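Enquirer: Please read through the structure below; I'll follow up with questions.
The values are calculated or read from the model by the stated rules, or taken from the named source; none is laboratory data. Keep in mind it's a predicted model, so treat the numbers as computed, not measured. Cβ atoms come from the backbone with ideal geometry, glycine included; neighbour counts cover every protein chain shown.
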Amino acid sequence: MRFGLLFLLLGFAPLFAQNNQLAGMQQDLAELRNEVEKLKLENADLRDALNKQRNASVGNSSTAEASARTKAEALAEVDRRLKQQTADVNAALTELGRRVDAALAGRQPLAKPTGTPPSTTGVAPPTTTPPPAPEDGLPTDMPRTGTPYKVKSGDTVTKIARQFGSKIEWILQANKLPSPGALRADVEIFVPQPEAPAR
C-alpha cells in the first residue's frame, strides 16, 4: 500500500513540473504581448505626429519635407519592430500550443493529487525575514514569509518565481511593481514564499 502511494506521488512530479513550465511560458508570452502593445502605441503616436507635421508645414515645404522624411523613417523602424515582435509572439504561441497538446496527449485525466507537493530541490528554504506589513493592502492569501533577493542582470520575474517556488503575482505585489518589465538589476526585492510544511 505504501509503495503504491509512493509510486503515485512520484508519477505526479512530472505533471507539476510541466504545469510550472507552462506557467512560465505564459508569463513570457504576456511580457511579449506587452512589448507589442507598447510598439503599437509608439507607432500610432508617430503616425499622429507625422500627420500633424504635414498639416502644419504647408508654408515651409523644405523643412516640412525633411521633418516628414525623418518621421517616416522612424515610423518604418517602429513598423519593422512591431512586425518582428508580432512574429515572435505568434511563434511562441504556436510552440506553447504544441507543448500543451503534447503534454495533454501523453496523460489521461487524473484525480487531483493529495499529500505533499513535490520537493523543490535546489531552492532556498523560506526564511522568517518579515515581508511588507499586512496593512499595506497586500492580499491576505499572499505568504508573509520569504527571502530577500538582489536582482541580477538577465533575471526575470518568471525566473525568480521558479527559482524560489514563489508566484509572479506575489513578487509583483510585494515589491509594488506595476509589471514584470519594471524589474531592474542590482535592486533588492522581497520574494514571498509559503512556509515549509511541518514534518
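Enquirer: Among Ala72, Ala66, which is at pLDDT 80 or above and either surrounded by fewer than 10 Cβ atoms within 10 Å (Cβ to Cβ) or assigned to a helix (DSSP H, G or I) (or both)? Write out each step before concluding.
Expert: Values: Ala66 fails: at pLDDT 80 or above.
Residue meeting the stated conditions: Ala72.
Enquirer: Right, here's the next one. Collect the residues in region 43-62 that are over 25 Å from Gln84 (Cβ atoms) and either at pLDDT 80 or above or not in a helix (DSSP H, G or I) (or both), keeping them in residue-number order. Explain how you work it out, then say what you get.
Expert: In the first step, residues of region 43-62 are kept if they are over 25 Å from Gln84 (Cβ atoms); the result is 52-62.
Listed by number, the residues that qualify are Lys52, Ser57, Val58, Gly59, Asn60.
Enquirer: Surrounded by fewer than 18 Cβ atoms within 10 Å (Cβ to Cβ), small (Gly, Ala, Ser) and closer than 17 Å to Leu32 by Cα, is that true of Ser179?
Expert: Values: surrounded by fewer than 18 Cβ atoms within 10 Å (Cβ to Cβ): yes; small (Gly, Ala, Ser): yes; closer than 17 Å to Leu32 by Cα: yes.
The answer is yes for Ser179.
Enquirer: Okay, moving on. Looking at region 137-175 only, could you name the residues that are at pLDDT below 90 and over 10 Å from Pro192 (Cα atoms)?
Expert: Gly137, Leu138, Pro139, Thr140, Asp141
Matching residues to (1) in a loop (DSSP other than H, G, I, E, B); (2) of a type outside the set (Lys, Arg); (3) touching a residue at least 60 places away in the same chain (Cβ under 8 Å):
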| site | (1), (2), (3) |
| --- | --- |
| Thr147 | no, yes, no |
| Asp155 | yes, yes, no |
| Thr158 | no, yes, yes |
| Gln163 | no, yes, no |
| Glu169 | no, yes, no |
| Pro178 | yes, yes, no |
| Asp186 | yes, yes, no |
| Phe190 | no, yes, yes |
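Enquirer: If you don't mind, there's one more thing I want to ask. What's the total number of residues in region 146-176 that are over 28 Å from Lys38 (Cα atoms) and either among the hydrophobic types (A, V, I, L, M, F, W, C) or crowded, with 16+ Cβ neighbours inside 10 Å (or both)?
Expert: Of all residues in region 146-176, those over 28 Å from Lys38 (Cα atoms) come to 146-149, 163-165.
Pick out the ones that are also either among the hydrophobic types (A, V, I, L, M, F, W, C) or crowded, with 16+ Cβ neighbours inside 10 Å (or both) and you get 146-147, 149, 163-165.
So the count comes out to 6.
Enquirer: Would you be able to say whether some residue in region 85-97 is at pLDDT 85 or above and within 19 Å of Ile168 (Cβ to Cβ)?
Expert: Yes: region 85-97 contains one or more residues that are at pLDDT 85 or above and within 19 Å of Ile168 (Cβ to Cβ).
Enquirer: Cβ-Cβ below 7 Å, separation at least six or inter-chain, first residue in region 26-37 and β-branched (Val, Ile, Thr), second assigned to a helix (DSSP H, G or I): which pairs?
Expert: Listed pairs, sorted by first residue: Val36/Leu82; Val36/Gln85; Val36/Thr86; Val36/Val89.
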